[in-house]
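Heads up: the structure comes next, in structure tokens.
The values are calculated or read from the model by the stated rules, or taken from the named source; none is laboratory data. Just so you know, these numbers come straight off a predicted model, no measurement behind them. Every residue, glycine among them, receives a Cβ derived from its backbone with ideal geometry; neighbour counts consider all protein chains shown. With ligands, DNA and RNA removed, areas are computed over all heavy atoms of the protein, side chains included. Shrake-Rupley method; radii C 1.70, N 1.55, O 1.52, S 1.80 Å.
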Amino acid sequence: MKARYDYDFFKESADYILNKIDYKPELAIVLGSALGSLADDIENKIEIDYKDIPNYLESTIEGHAGKLILGDYCGKKVVCMSGRFHYYEGYDFEELVIPIRVFKLLGVETVILTNAAGGVNLDFQIGDLMLITDHIKLMGASPMRGPNMPEFGDRFFDVTNMYTKSLQEIARNSAKELGIKLQEGVYYFYQGPNYETPSEIKAVRTLGGDAVGMSTVTEALTAAHCNMKVLGISLITNMAAGIMKEKISHEEVGKIGAEASEKFKALIGDIVSKM
Ligand code: HPA
């Protein structure tokens, strides 16, 4: 079997981006649903539409901007992804490796992955932030399925500490100092685009999931494969199916995202300045 993409495929995207800047970003931040306003705090911005980057993907969902924003953020050179890509849009896992591999070739060493998620743990409340300590993805193949690309990492790779312990410690300290409640738990990947059934959520809870969402895991695995550090933070925008009386809606997810954005930005900013 031939790899669908080769090294030059990713390098072409990275070279296009590197031609627009005179530095190498060290940190990537992937902004989840409704959390895009963090990009407003980036200084000396250079914005690149996804559609202009060779071999890159295009965002298909409302509320996802679809551009890379490069610049200075809390003392670091960053590349920020405003709008991300999901399996439910029709991309397969092999395609979802593209952004993170391109970031690796830009020189990025650390990725912060953020997302909106449904709360499964009954101790959580809407509007809580959750530090991702691990994930469960029982559905679908690995994004690294197919011929291995040794330029990025080993065929078989350990993911015991995929969510980097030292970054989790920084996040805990930042939250404490800022007086922000930071829950912790396991992110359970669900393929979407429908939200889960109440019975699925009961199963997720039995299996050890604390929050459920439709993103993040392919990015975390791709980053772990190429030896990048990963920090994951979820915003609990709703309690998962069967817990609340109200219907779960994309609008409500966006509304809670907007309400929590100041707290979220304060936390991420402090974490980045401590990295
Ligand atoms: N389930 C899956 N994904 C989500 C949810 C949810 O309840 N809320 C926000 N993203």
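Annotations for the structure displayed:
- Some residue of region 65-76 being out of contact with any Cys (no Cβ under 8 Å at 6 or more places or on another chain), surrounded by fewer than 21 Cβ atoms within 10 Å (Cβ to Cβ), at pLDDT 95 or above and over 24 Å from LEU267 (Cβ atoms): no
- Residue count for region 107-134, restricted to those that are away from the ligand (no atom under 13 Å from the Cβ) and open to solvent by 20 Å² or more (accessible area, probe 1.4 Å): 7.
- Residues in region 44-59 that are open to solvent by less than 40 Å² (accessible area, probe 1.4 Å) and not in a loop (DSSP other than H, G, I, E, B) were compared, and the one that is nearest to ASN19 (Cα to Cα) is ILE48.
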